[in-house]
1. With a Förster radius of 25 Å, plug the Cβ-Cβ distance of residue 60 and residue 275 into 1/(1 + (r/R0)^6) and report the FRET value to the nearest 0.05.
2. Write down the accessible area per residue of the chain in Å², having rolled a 1.4 Å probe over the full set of protein chains.
3. Which number comes out as Rg/Rh for the range 6-119 once both Rg and the Kirkwood Rh are worked out on C-alpha atoms?
4. Can you return the lysines within cross-link range of residue 187? Criterion is Cα-Cα under 20 Å, with same-chain partners fewer than 8 residues away left out.
5. Size of the dipole of the chain about the Cα centre, Lys and Arg at +1 and Asp and Glu at -1 on the beta carbon, nothing else charged, in debye to 20?
6. Is the range 101-159 rounded, prolate or oblate when judged by the Cα gyration tensor, a ≥ b ≥ c being the square roots of its eigenvalues, rounded requiring a/c under 1.5 and prolate requiring a/b larger than b/c?
7. If amide H atoms are built 1.01 Å from N in the plane of the peptide, which residues on other chains or at least 5 residues away come under 5 Å of the amide H of residue 128?
8. Under the rule of at least 5 residues apart or a separate chain, name every residue whose amide H is placed under 5 Å from the amide H of residue 356.
Amino acid sequence: PRYRPDWASLDARPLPGWFDQAKVGVFVHWGVFSVPAWGSEWFWWHWQGEHRADYQSFVQHRYPPDTTYADFAPHFTAHDFQPREWAQLFQQAGARYVVLTTKHHEGFTNWGSPVSWNWNSLDTGPHRDLVGELGQALRESNIRYGLYHSLLEWFNPLYLADKESGFKTQNFVLKKTMPELYDLVLKYKPDLIWSDGDWEAPESYWNSTSFLAWLYNDSPVKDTVVVNDRWCNNCSCHHGGYYNCADKYKPGTLPTHKWEMCSSIDKLSWGYRSNMNIAELMDEASIIEELVQTVSFGGNYLLNVGPTKEGVIVPIFQERLLALGRWLDTNGEAIYESKPWRVQMENSTDTVWYTSKGPVVYAIFLIWPRDNVLELSSPTPSPATQVTMLGFAGTLKWQKSPGKGLIITLPYMLPSPLPPQSGWTVKLEGVK
């Protein structure tokens, strides 16, 4: 069937299956904001949109007088950008898809956009097609490729004029936003389009539904492409493909619609900050906890890193990604291609979470029980019940608990001065 350019028709499109199976992705925020590398990727807006004193003083103390935001672009060099190394890192992190910012709200495009003259990565800065290079490396590693794209640009004169008209004119959309979206799809054939910057204007201004109808009906990726829900000022959590709802969204109960939680290793920013400190970063245990909770509730987990202006993913971010990958090497069976179980967490404690695959149930526990005994009240055992632990050979002893559920004797852990890593999985077969 052909999709009509209206939400009723577009929302009825089934989500391509690869997305729900993938579960784990890496988000990359990279652009001219990586040059000042301070505050956040909203640097330009805080500095010249809101005239915040801390941003003004930062520029005053570090840059020559009369510095403009455009002066940062030549310093966005990507000198050390090795796309194959990035792809290898993301693969080791267990990511099944990667989403790169092709253009943030600053309007600078990480590819040679024909409608972003002199404000793109081919004309200035790196003089490279960053979107294309990363795409090629990810494809060689069999990782799906997503493109983040902001509909709005804070200081684009065409956008400001449209805004002034109460969004009755559409010059910016017709001359900038839409040509870029079509160009990205035709040139790079993305698996995912992660739209953003939608919140100021209605769908009638953005022309989102006609773009999505073309994407689903006639584009080269019509059968595989997945999109999110940020296409107009009241779309979030209502229209589009899967739902983001809000940054770092945690639903608390099982949503009825496929969703994704985006989170950032740097808790204060999505773009790279040169002044971040360790207390402001997520540790391995919190990353695993977020992943497990998200997947139990049927979501995908998209974890963000911000590379430096040279294109380096700093070692502390690499370390966090590799820790996640090591955890997934052992426990991935309970994550990838899994489905939510009839119960998502044990007795509303947030330390034991469930996923399932067909008849198999996985209980992921985030805290090792003191006496090496794990009590689960949700699964109902049968004489055929078998309990194993991912990453551990042999079966585990269990008994029916007096109430309902089962009591599992875990393998003995050697005493250690360090708390053990976070998150272990028991695999339950023959339970209801």
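The values are calculated or read from the model by the stated rules, or taken from the named source; none is laboratory data. Since the structure is predicted, the reported quantities are computational estimates derived from the model, not experimental observations. In this analysis, Cβ positions are derived from the backbone assuming ideal geometry, glycine residues included, and neighbour counts consider all displayed protein chains. The protein model used for the area step is the full one, side chains on, heavy atoms only, and it has no ligands, DNA or RNA in it. Shrake-Rupley method; radii C 1.70, N 1.55, O 1.52, S 1.80 Å.
1. Plugging the Cβ-Cβ distance into 1/(1 + (r/R0)^6) gives 0.90.
2. 42 Å²
3. Result: Rg/Rh = 1.07.
4. List returned: 103, 175, 176, 222.
5. 1260 debye
6. oblate
7. Close amide H contacts, sequence-distant or interchain: 122.
8. Residues meeting the criterion, in which the H sits 1.01 Å from N, are 339, 341, 362.
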